[in-house]
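A short write-up of the structure that comes next.
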Amino acid sequence: MIRVRVPATSANLGPGFDALGLALRLYNTLTLEPADRPEIEIEGEGAGTLPRDAAHLAYQAALAVAARAEGGAAGARAFRLRQQNQIPLSSGLGSSAAAIVGGAVAANALLGAPLGQQALLDLAAEMEGHPDNVAPALFGGLVVCARTATGVRWIRLAPPPLNVVLAVPDYHVSTDEARRRLPARVPFPDAVFNVTRATLLVAALTGGRPDLLDEATQDRLHQPYRETLVPGLSDVFAAARRAGAYGVALSGSGPTVLAFGDAPEIGPAMAQAFQAAGAACRILHAEFDTDGAVVEDPA
């Protein structure tokens with residue numbers, strides 16, 4: 001039996017659209033072992049909605065690793081898979097990336113590690129459709145990544161500790177729908193704005209300069225176009241800043257809002273702003289995860 005722990009992730013972080021992802025200390029765990037037929041158990045988040053058959057995303061990832069390792073001859077394989085989920089579903093915290101990475105890493109360990117880190121990342125990015133969640137889920141830390149014709153190019157950075165406050169409203173946002181809201185073209189000044197803020201964001205996080213995060217988390221490429229999917233988003237941002245957040249951004253495609261900072265008023269302020277927009281929300285506190293996906297002792 002193989003047991004894997006996978007962190008939640010927050011992608012984009014404001015200006016780093018499809019390029020930046022951050023691992024957070026909020027975890028799903030997955031166990032995997034050979035079986036005669038597909039067997040899937042789920043506890044925690046998604047227990048009432050996730051499939052319990054071979055359509056399960058983590059199970060599909062495990063089969064994909066086996067197929068790639070065995071030259072496409074994994075059709076007869078079956079696994080017993082158990083998930084214990086803390087990461088909210090469809091909330092912009094990388095639940096699908098955690099499933100893909102968990103299944104892939106567990107199957108790779110079970111089969112004797114036939115795939116290296118780069119092969120695992122490329123497989124996970126293919127399944128997810130973009131690398132900015134699967135990369136930090138796999139490697140931990142802050143990951144800068146880019147898809148190329150020959151695979152994902154990436155570098156893992158280790159920013160100093162900084163508290164994160166997550167406001168998770170009680171509704172979901174479809175990633176596909178969020179991407180459909182984006183324009184095919186953007187004004188050149190907006191592209192320049194995001195390039196400068198994204199580079200400033202990486203420097204601010206890795207250089208221990210939280211005072212720069214208010215400006216560094218600004219965005220013009222995706223958050224303004226997605227605001228209708230997250231009612232009250234601008235008000236939530238403003239409330240977080242007034243409460244002492246260093247910076248604030250939509251986590252992935254949302255609806256979760258991520259704020260950097262440890263002021264005790266940040267969480268209640270964001271919850272109140274969401275409530276004013278008609279949504280209840282959970283407030284979660286997290287720190288940066290530096291380990292990524294970890295194979296643990298099942299005992």
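The values are calculated or read from the model by the stated rules, or taken from the named source; none is laboratory data. Treat the numbers as computed from the prediction; the structure is a model and nothing was measured. As a convention, Cβ positions derive from the backbone with ideal geometry for all residues, glycine included, and neighbour counts pool all protein chains shown. All accessible areas refer to the heavy atoms of the entire protein, side chains included, with ligands and DNA or RNA removed. Shrake-Rupley method; radii C 1.70, N 1.55, O 1.52, S 1.80 Å.
Counting only residues that are touching a residue at least 40 places away in the same chain (Cβ under 8 Å) and open to solvent by less than 40 Å² (accessible area, probe 1.4 Å), how many does the range 110-130 have? Spell out the reasoning first.
Initial filter on the range 110-130 (touching a residue at least 40 places away in the same chain (Cβ under 8 Å)): 110-111, 114-115, 119-120, 123-124, 127, 130.
Among the residues that remain, those that are also open to solvent by less than 40 Å² (accessible area, probe 1.4 Å) are: 115, 119-120, 123-124, 130.
Number of matching residues: 6.
Determine which single condition LEU93 fails, assuming it passes every other condition in (1) within 30 Å of LEU284 (Cβ to Cβ); (2) open to solvent by 10 Å² or more (accessible area, probe 1.4 Å).
(2)
Tell me, which residue of the range 1-60 that is modelled with pLDDT of 95 or more and among the basic types (Lys, Arg) is nearest to GLY129 (Cα to Cα)?
ARG5
Considering only helices (runs of 4 or more DSSP H) fully contained in the range 192-299, which possess at least 3 residues that are farther than 21 Å from ALA11 by Cβ and either open to solvent by 10 Å² or more (accessible area, probe 1.4 Å) or in contact with a helix residue (DSSP H, G or I) (Cβ under 8 Å, 6 or more places away or on another chain) (or both)? Steps first, answer last, please.
Numbers: elements: 213-216, 223-226, 233-242, 266-276.
Answer list for the range 192-299: 233-242, 266-276.
Restricting to the range 1-58, give me the number of residues that are closer than 30 Å to PRO224 by Cα and either part of a strand (DSSP E or B) or open to solvent by 20 Å² or more (accessible area, probe 1.4 Å) (or both). Spell out the reasoning first.
Applying the first criterion (closer than 30 Å to PRO224 by Cα) to the range 1-58 yields 7-27, 45-46.
When the remaining residues are screened for being either part of a strand (DSSP E or B) or open to solvent by 20 Å² or more (accessible area, probe 1.4 Å) (or both), the result is 7-12, 16-27, 45.
The number of residues fulfilling the criteria is 19.
Do you know which of the residues in the range 150-185 that are open to solvent by 70 Å² or more (accessible area, probe 1.4 Å) and outside any loop (DSSP other than H, G, I, E, B) is farthest from ILE87 (Cα to Cα)?
Of everything passing the filter in the range 150-185, ARG153 is farthest from ILE87 (Cα to Cα).
Go through the range 107-140 and report how many residues are touching a strand residue (DSSP E or B) at 6+ places or on another chain (Cβ under 6 Å), within 22 Å of ASP297 (Cα to Cα) and assigned to a loop (DSSP other than H, G, I, E, B).
Going through the range 107-140 one residue at a time, the tally reaches 1.
Does SER234 meet the test of being of a type outside the set (Lys, Arg), closer than 25 Å to THR196 by Cβ and at pLDDT below 95? Spell out the reasoning first.
Numbers: of a type outside the set (Lys, Arg): yes; closer than 25 Å to THR196 by Cβ: yes; at pLDDT below 95: no.
So SER234 fails the test.
Checking the structure you have, find out if any residue of the range 63-81 is at pLDDT 95 or above, among the charged types (D, E, K, R) and open to solvent by 50 Å² or more (accessible area, probe 1.4 Å).
Yes, the range 63-81 contains at least one residue that is at pLDDT 95 or above, among the charged types (D, E, K, R) and open to solvent by 50 Å² or more (accessible area, probe 1.4 Å).
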